[in-house]
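For reference, the structure discussed in these notes is given below.
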Amino acid sequence: VDGGTLLVGSNRGALWGLDVGNGKNKWFWRPGRIAAVVGSAVQGNALYVVSQDLTIRALSRASGNQQWKTPVETRPDFPPRALAGVVAVVGYSPMLSTFETNGGKAVSSWMGPADALFQGPPLIDTPRPFSVSMVLVYRDGQLIGLRSTEMLFREPAVVPLTALPGRALARETIPGDPAAR
């Protein structure tokens, strides 16, 4: 439930946005339009839905209209998590993928330990510089803390220079220098 809307997904690929007050449809995605719904997350006016067709979709929370969709390249294991302009999707390989909430561009992915299974969804805190913001718990008792450096330091990529900066200078000569004659 988010505000006045109850969000319901089915394993047949249907998705509803129901009015909490009267139970009527605010919007509806008919079966077959997407695969079975794994889960959803809400941030601001957007609803992020992960389905078994290996796709994450951003929908308008009010109307259900699709804003963007992006392949996740992993079989989703849990509902997505939205935080600080990023949507995190937990799956098998890669274990964790993150996407920008504005347009769905892939931010990063993390492969994780081989043959490890999650005990539950990741524990996520608000990202802060140089501190752990996500904790993953595995069935074999491992705990892994991840720092979100890629999400916090958005600097342009380094590109090689095509020309030296500045302007060319003419060669100077020293008056009376025998080498200058």
Study note, to complete from the structure: Summing -39500 (n - 2.57) over every DSSP H run of at least 4 residues in the chain and dividing by its residue count gives a helix-only mean residue ellipticity at 222 nm, to the nearest 500 deg cm²/dmol, of -500 deg cm²/dmol
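Taking loop as defined by DSSP and a crowding limit of 11 other beta carbons within 10 Å, which trypsin sites (Lys or Arg not before Pro) in region 81-171 fit?
Numbers: sites: R81, K105, R139, R147, R154, R167, R171; in loops: K105, R139, R154, R167, R171.
Passing both the DSSP loop test and the Cβ count: K105, R139, R154, R167, R171.
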Revision key, fill the gap. Which of [x] 24.9, 99; [y] 18.4, 72; [z] 15.8, 42 gives Rg and Dmax of the Cα atoms in Å as computed here? It is [x]
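As a test of reading the structure, rank F28, F78, F130, F118 by solvent-accessible area (1.4 Å probe, protein chains only), most first. The partial results should precede the final answer.
Numbers: F28 90, F78 40, F130 155, F118 10 Å².
Most to least solvent-accessible, the answer reads F130, F28, F78, F118.
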**Study point:** Solvent-accessible area of T126 with every protein chain in place, 1.4 Å probe, in Å² to the nearest 10
**Key:** 90 Å²
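The values are calculated or read from the model by the stated rules, or taken from the named source; none is laboratory data. Owing to the predicted nature of the structure, the values given are computational and were not obtained by experimental measurement. Glycine gets a Cβ as well: all are built from the backbone with ideal geometry, and neighbour counts include every protein chain shown. In case anyone asks, the SASA skips ligands and DNA or RNA and just uses the protein heavy atoms, side chains included. Shrake-Rupley method; radii C 1.70, N 1.55, O 1.52, S 1.80 Å.
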